[in-house]
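Accompanying notes for the structure given below.
The values are calculated or read from the model by the stated rules, or taken from the named source; none is laboratory data. Remember, it's a predicted structure, so these values are computed and weren't measured experimentally. All Cβ positions, even for glycine, are placed from backbone atoms using ideal geometry, and neighbour counts span all protein chains on display. Remember, those area values only see protein heavy atoms, side chains included, never the ligands or the DNA or RNA. Shrake-Rupley method; radii C 1.70, N 1.55, O 1.52, S 1.80 Å.
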Amino acid sequence: MESFRGTFTNKIDAKGRVSVPAKFRAALTAVSQNQVTVLPSMNGAFLEAGGPAFNAQIEDILNQLPPFSTERDQLSLMLVGNGIDLPFDGDGRMVLPKAFLEYAKIEDKVCFVGMINKFQIWAPAAYENFRRDAFKQAGQTSGVLAGAFNSMMGRGPVVPSSDRSDGGAP
């Protein structure tokens, strides 16, 4: 199974090509993929991308819905109908469609963000804003996200206020 980790920023050349990070290409070619599936995200102005594991996850989600339901058709449209398989050229580059660049507000640089079974493609400034806000929110909330964040930061797990012996008082 492919695994994508790390954050990489690359320039888009004059012909509209961008080099996919070597680590990401290696993960894809290890599973016999010389291409990547890319689609506009449903969660914001960025793109989602991946290989066979990503596509299998999409199929699993769709297969949980009744075959001819409106919900399945709508989700299929967003996750499959709007996606495209982009091949890598001999130098490991791909050409993102103009509509995708416009959707993600990408101009001259692309930020690739690993998410284990997929990766995201962002405009660098938009990603930096999202990352900053995510770290800020993670440190201020309780629950699974805050517990993971605080554990990673060496602060120990967060106890949700409803579980505290003081009844949740600050």
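List of remarks:
- Electrostatic tally near Leu96: other residues with Cβ closer than 11 Å to its Cβ, Lys and Arg +1, Asp and Glu -1, net +2.
- The figure for Thr70 is an accessible area of roughly 90 square angstrom, using a 1.4 Å probe on the protein chains alone.
- In the context of the full set of protein chains, residues of the range 38-96 present 54 Å² of accessible surface per residue (probe radius 1.4 Å, heavy atoms only).
- Electrostatic tally near Gly50: other residues with Cβ closer than 10 Å to its Cβ, Lys and Arg +1, Asp and Glu -1, net -1.
- Taking all protein chains as they are arranged and a probe of 1.4 Å, the heavy atoms of Leu47 leave approximately 0 Å² accessible to solvent.
- Those lysines that a straight Cα-Cα span of less than 24 Å connects to Lys15, excepting residues fewer than 8 apart in one chain: Lys23, Lys98, Lys105, Lys109
- Distance-filtered residues of the range 124-141 - backbone nitrogen under 15 Å, label point 7 angstrom along Ile61 Cα→Cβ: none
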